[in-house]
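Input: a single structure, listed below in structure tokens.
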Amino acid sequence: MIIALSASAFDQNRQGSLAAGCNDFLAKPIRATKLMAKLQTHLGLEWLYEQPIDPAAKAPAAEDATGQTGQLAGPPPKMAAVLFDLARQGDVKAILRETERLEALGES
């Protein structure tokens, strides 16, 4: 899946990106909620949310494409760091292996 990003929001740039084989298009500035919605749509993702442990803690709520809000549950910090490093390197195969490991951790 490829999402084209462009500083230009003109329709001709969008159409050109789609014609070149991109699956979708986002114009800058990139809004996290729009990016997450596109990822959810194209990858068939389901966002999982967890409630804050301390109800007095006012952590910013995340919103998914369906409008559901809650605290977004992420991977353990060490695995997040590994995924971040792999993303910086552009190692897609290793990212997929790590996400499979992460998924297996969630199932146990």
> Looking only at residues in the stretch 8-18 that are hydrophobic (A, V, I, L, M, F, W, C) and open to solvent by less than 90 Å² (accessible area, probe 1.4 Å), which one is modelled with the lowest pLDDT?
Replying inline: ALA9
> Residues in the stretch 80-104 that are without any contact (Cβ under 8 Å) to a residue 24 or more places away in the chain and either among the β-branched types (Val, Ile, Thr) or in contact with a helix residue (DSSP H, G or I) (Cβ under 8 Å, 6 or more places away or on another chain) (or both): how many?
Replying inline: 10
>> Can you pull out every residue in the stretch 28-51 that is more than 26 Å from ASN13 (Cα to Cα) and either among the aromatic types (Phe, Trp, Tyr) or open to solvent by 70 Å² or more (accessible area, probe 1.4 Å) (or both)?
In response: GLU46, TRP47, LEU48, TYR49, GLU50, GLN51
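Determine whether GLU100 is modelled with pLDDT of 85 or more and loosely packed, with under 12 Cβ neighbours inside 10 Å. Before you say what the answer is, go through the steps one by one.
Numbers: modelled with pLDDT of 85 or more: yes; loosely packed, with under 12 Cβ neighbours inside 10 Å: yes.
Against the criterion (modelled with pLDDT of 85 or more and loosely packed, with under 12 Cβ neighbours inside 10 Å), GLU100 qualifies.
The values are calculated or read from the model by the stated rules, or taken from the named source; none is laboratory data. No experiment lies behind these values; they were computed from the predicted model shown. All Cβ positions, glycine included, derive from the backbone under ideal geometry; neighbour counts span all protein chains shown. Heads up: the accessible areas ignore ligands, DNA and RNA and are worked out on the full protein's heavy atoms, side chains in. Shrake-Rupley method; radii C 1.70, N 1.55, O 1.52, S 1.80 Å.
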